[in-house]
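Every number in this text was worked out from the coordinates using simple rules, so none of it is lab data. Since we're looking at a predicted model, the values are computed, not measured. No Cβ is skipped: glycine too gets one built from the backbone with ideal geometry, and neighbour counts run over all protein chains shown.
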Amino acid sequence: MSPDDHKSDPQHPNSPPTTTVSSRYQTVIPSEIRGKFLVREGSRIAWIDKGSSIEIVPLPDKPWKAFRGAGKGGTDYLEALRAYRQKEREEEAKDDGNPK
């Protein structure tokens with residue numbers, strides 16, 4: 001792959017950068033994309049099949065940090081789940097005509 005593989009088309013300055021896939025099925029991530037999404041050597045990337053296209057998503061270095069503090073805020077999720085399941089059972093009982 002040449003360093004110019006990821007350059008934008010000079011004839012179409014608003015076109016997205018493009019790269020070429022090598023014989024080993026490798027490609028270069030353009031420097032402006034690497035910088036914007038903090039992709040470094042060793043970064044993990046998810047390849048998502050969208051049917052007629054591919055979405056490439058950089059994964060966070062420490063994904064568990066995205067959940068930090070998610071359980072705070074006073075919501076009792078276990079109690080909310082119990083209430084939801086109870087309501088579900090009551091609706092099923094109405095449909096069956098039998099109390100559960």
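Between residue 94 and residue 53, the FRET efficiency estimated from the beta carbon spacing at R0 = 30 angstrom works out to 0.10. Extension gain for residue 78 to residue 38 (0.36 nm times residue separation, less C-alpha to C-alpha distance): 10.7 nm.
Ordering 50-58, 14-22, 31-39 by mean Cβ neighbour count within 10 Å, with the highest value first, yields 31-39, 14-22, 50-58.
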